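These notes concern the structure reproduced below.
The values are calculated or read from the model by the stated rules, or taken from the named source; none is laboratory data. Here the structure is a predicted model, which means the values were calculated and not measured. Positions of Cβ are generated from backbone atoms using ideal geometry, with glycine treated the same way; all protein chains shown enter the neighbour counts.
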Amino acid sequence: MGLFQTNLSKILRPTLLVVFGMAVGTYMYIVLIEKGAYINAYAPRVALNNNTIDRAAANQHEQSSEGKADVALLQAHDVKFPYYAFNRFGMGWMGIVEEYEWSYNHLQRERVSQQKYEALMAGPDSISPTSISHSKVYLQEKKSTFKRGDFIHVIVETKDEYGNQRLRGGDFIAGVMFNNQMKTSTAGRSIDYGNGTYSVYFYAGWKGQASIDVSLSFTREGILLYDLTKYRDRRILWSANFTDGKVIEESNCTIANEGTWDNKCSYKNTWALGKTVFLCDKPKSLPCSALTNISQNLHQMEALAKQDLMDKKYLFDSLGKYRKAIFSTCPIKVNIEDFHKPLDIPVCGPDLPIPLSSGYWKNNHTFVSFVCRSQDWTPEQRFKCATDKLFFFTGDSTTDGQFGMVFTDREIMGGRVPTQKKFVALRAGHPIQSLEKIMFESDFIDTINSSMCAAHIPVVFFNYCFHYGQWSIRAYLDRVYQMKLSIIRLFERCPTAVVIAKLGHPRDNSDAIQSQHSGNYLYYDMNRMLRRVLGGIGVHFLDVWDMVAAHPDDNTVHVGRHIIIQQMNMMFSHICPQMVNSN
């Protein structure tokens, strides 16, 4: 615990810069590793081998042997996760500085020897968000035939509907390459240069024809609207029941991380929620201690989301124009010739680099992963891997529900596998939650004691996604940090424990209101936060975003059983990498 007791402020400092600085767009740089291509999700200003620790504070702390170990750990963390140290209070402008530095480094300006001076030059009469019909999408190489194993590079030059060149990045660009007849597909990796130009890379994983669709998932303007709301508390509401056995009263509740209040009932769990509190209107006659159960008020949540949209509803409602809109020059047709160009794929483990391609669907039921070495596990292999393990599932219905149910299927698991499950507390959704049965994920992990570890290897599988779209960034990060500390405590008790964070995946939103309070960009941003906060402590990341995005099925919260099985294959490849076939 010494590292986190003495240097917690240094670890916290870089986090909000990532949240503020990366919320506007996806800034990536490519790192080539031997024969494979990998990508880091953030663009550092300094070289990877330069650490970013506050040097004065580090030198001061180096006086003790414990301090030297702490600094060494921080340096190793910064090499793998190169973010800038900064004062976490009042520094939101740093994100804008980073955006400008990144975009101007990638801005091509025409140099002229002589230019007529004008104090103010006339500009366009009208400007709109990115237009899918006026923007250009084309292959970077002047050819349409590639070899299997190539990375196909697509350029996106954005313009608005008036023909103006877009000089800012921040649009959420997505891409899929597919062959419907062969039932094979892969998701593209997008790089935002901050100047209205984007790259999208696709891995050529099969021989034959392929079609490329690049789409505008969300505009910069829509994402900026998210930014106006996700720093604000009290956007999610619950209905609460109070009773003393005779009198029953109702009240409205929310969550708050900042601000003041008067005449409220506040409830806290600092081990799980940090400084965030559950805040209810006081009932008329009953005391705050009479709270018995809660259920989320979806109608009020949607009313708040509608109010937040104001005059920007068109940014989320215009399906096929500003949301999930395919650029008009697509599909791009390419031909892939057979060729053997293997990638050097690492063994599954914690803190793996983000690959330029996460993999591809060989067919509708088999996903070939490039994140790490995986395989199709047989029931017998799954059972052998699970024999000395005890599984703990905590999260929403995509983890506690879908994965938990599959683990009870003996045909899939090859036998009975012991599991313990806890659904996310303070969930978004209708079901009534009794206060007597609520347990937060941090408390759940703390129930794993040394005796359990002596008998089994604990495997904790969790997610933070679909129930958190309406949480403010501070409340969300507060909860994630408490989870981080509980994981560190677990590793101290059980050094052999395996902790896997299942990241969120894209889902199709039905309308503008749902897109505002539960849009894919929010989940994508949560994935980045989880990687940053939980990185470097030994957590395995199960990133299924591209797997779901590339599959021909509709992107839903509850994906098909065949997709769940492929996610399980990746999960077991992390738990028992020694059992994965090296071929």
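So which pairs qualify, if the first residue must be in the stretch 430-450 and surrounded by fewer than 11 Cβ atoms within 10 Å (Cβ to Cβ), the second must be part of a helix (DSSP H, G or I), the Cβ gap must be under 8 Å, and the two must be at least 6 apart or on different chains?
Every condition considered, the pairs that remain are HIS430/LEU298; SER450/ARG493.
Just the residues that are at pLDDT below 95 and more than 19 Å from SER472 (Cα to Cα), please, taken from the stretch 263-283.
The answer is ASN263, and nothing else.
Any residue at all in the stretch 195-213 that is in contact with a Ser or Thr (Cβ under 6 Å, 6 or more places away or on another chain), modelled with pLDDT under 90, in a loop (DSSP other than H, G, I, E, B) and within 24 Å of SER103 (Cα to Cα)?
yes
Would you check if there is a residue in the stretch 327-346 being β-branched (Val, Ile, Thr), in contact with a Gly (Cβ under 9 Å, 6 or more places away or on another chain) and modelled with pLDDT of 90 or more?
yes
Among (1) at pLDDT 90 or above; (2) buried (at least 22 other Cβ atoms within 10 Å of the Cβ); (3) within 13 Å of the chain's Cα centre (by Cα), there is one condition TRP545 misses while meeting the rest; what is its number?
Going through the list (1) at pLDDT 90 or above; (2) buried (at least 22 other Cβ atoms within 10 Å of the Cβ); (3) within 13 Å of the chain's Cα centre (by Cα), TRP545 breaks only (2).
Contact list please: Cβ distance under 7 Å, first residue in the stretch 242-261 and closer than 23 Å to GLY274 by Cβ, second residue of a type in the set (Lys, Arg), pairs at least six apart or on different chains.
THR254/ARG234; ALA256/ARG234; ASN257/LYS275; ASN257/ARG474; GLU258/ARG474
So, GLN381, is that one polar (S, T, N, Q), outside any helix (DSSP H, G or I), assigned by TED's automatic domain parsing to the domain that holds VAL499 and surrounded by fewer than 19 Cβ atoms within 10 Å (Cβ to Cβ) or not? Talk me through it step by step, then tell me what you get.
Values: polar (S, T, N, Q): yes; outside any helix (DSSP H, G or I): no; assigned by TED's automatic domain parsing to the domain that holds VAL499: yes; surrounded by fewer than 19 Cβ atoms within 10 Å (Cβ to Cβ): yes.
It is false that GLN381 is polar (S, T, N, Q), outside any helix (DSSP H, G or I), assigned by TED's automatic domain parsing to the domain that holds VAL499 and surrounded by fewer than 19 Cβ atoms within 10 Å (Cβ to Cβ).
Within the stretch 495-517, can you find the residues that are over 30 Å from MET452 (Cα atoms) and among the aliphatic types (A, V, I, L, M)? Break it down stepwise before answering.
The first filter runs over the stretch 495-517 and keeps only residues over 30 Å from MET452 (Cα atoms), leaving 505-517.
Correct list: ALA512, ILE513.
Restricted to the stretch 362-378, and to residues that are in a loop (DSSP other than H, G, I, E, B) and among the aromatic types (Phe, Trp, Tyr), which residue is nearest to HIS562 (Cα to Cα)?
Here is the first cut: in the stretch 362-378, the ones in a loop (DSSP other than H, G, I, E, B) are 364-365, 370-378.
The next check asks that each one be among the aromatic types (Phe, Trp, Tyr); those that pass are 370, 377.
On the way: PHE370: 19, TRP377: 13 Å.
It comes out as TRP377.
Take the stretch 445-501 and flag every residue that is in a helix (DSSP H, G or I), in contact with an Asp or Glu (Cβ under 7 Å, 6 or more places away or on another chain) and not hydroxyl-bearing (Ser, Thr, Tyr).
Restricting attention to the stretch 445-501, the residues satisfying the condition of being in a helix (DSSP H, G or I) are 445-446, 450-455, 473-493.
Of the ones still in play, those that are also in contact with an Asp or Glu (Cβ under 7 Å, 6 or more places away or on another chain) are 474-475, 483, 486, 489.
Within the stretch 445-501, ARG474, ALA475, MET483, ARG489 meet the criteria.
Among what's in the stretch 461-483 and is within 14 Å of TYR231 (Cβ to Cβ) and among the polar types (S, T, N, Q), pick the residue that is surrounded by the most Cβ atoms within 10 Å (Cβ to Cβ).
Of everything passing the filter in the stretch 461-483, GLN470 is surrounded by the most Cβ atoms within 10 Å (Cβ to Cβ).
Within the stretch 494-521, count every residue that is touching a helix residue (DSSP H, G or I) at 6+ places or on another chain (Cβ under 6 Å) and farther than 16 Å from PHE392 by Cα.
Total meeting the criteria: 11.
For the stretch 339-362, which residues satisfy the criterion of being surrounded by 13 or more Cβ atoms within 10 Å (Cβ to Cβ) and farther than 22 Å from ILE575 by Cβ?
Passing the criteria: LEU343, LEU356, SER357, TYR360, TRP361, LYS362.
Sort out which residues of the stretch 191-200 are of a type outside the set (A, V, I, L, M), buried (at least 22 other Cβ atoms within 10 Å of the Cβ) and in contact with a strand residue (DSSP E or B) (Cβ under 9 Å, 6 or more places away or on another chain), and write them in order of number. Lay out the reasoning, then the answer.
Step one: list which residues in the stretch 191-200 are of a type outside the set (A, V, I, L, M), which gives 192-199.
With buried (at least 22 other Cβ atoms within 10 Å of the Cβ) added as a condition, the list becomes 192, 194, 196, 198.
Correct list: ASP192, GLY196, TYR198.
List the number of the failed condition for MET571; all other conditions in (1) at pLDDT 95 or above; (2) more than 18 Å from SER397 (Cβ to Cβ) hold.
(2)
Could you tell me which residue of the stretch 488-522 is nearest to the chain's Cα centre (by Cα), considering only residues that are surrounded by fewer than 21 Cβ atoms within 10 Å (Cβ to Cβ) and of a type in the set (Lys, Arg)?
ARG489
Condition check ((1) in contact with a helix residue (DSSP H, G or I) (Cβ under 7 Å, 6 or more places away or on another chain); (2) loosely packed, with under 15 Cβ neighbours inside 10 Å; (3) outside the structural domain of ILE438 (by TED's automatic domain parsing); (4) not hydrophobic (A, V, I, L, M, F, W, C)) across all residues:
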| position | (1), (2), (3), (4) |
| --- | --- |
| ILE212 | no, no, yes, no |
| SER251 | no, no, yes, yes |
| GLU258 | yes, yes, yes, yes |
| ASP262 | no, yes, yes, yes |
| GLN300 | no, no, yes, yes |
| ILE326 | no, no, yes, no |
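When the stretch 555-583 is examined, which residues are found to be of a type outside the set (Val, Ile, Thr), within 20 Å of the chain's Cα centre (by Cα) and in a loop (DSSP other than H, G, I, E, B)?
If we filter the stretch 555-583 for residues that are of a type outside the set (Val, Ile, Thr), which is where we start, we get 555, 558, 560-562, 566-574, 576-579, 581-583.
Among the residues that remain, those that are also within 20 Å of the chain's Cα centre (by Cα) are: 555, 558, 566-568, 570-571, 574.
Answer for the stretch 555-583, where residues must be of a type outside the set (Val, Ile, Thr), within 20 Å of the chain's Cα centre (by Cα) and in a loop (DSSP other than H, G, I, E, B): ASN555, HIS558.
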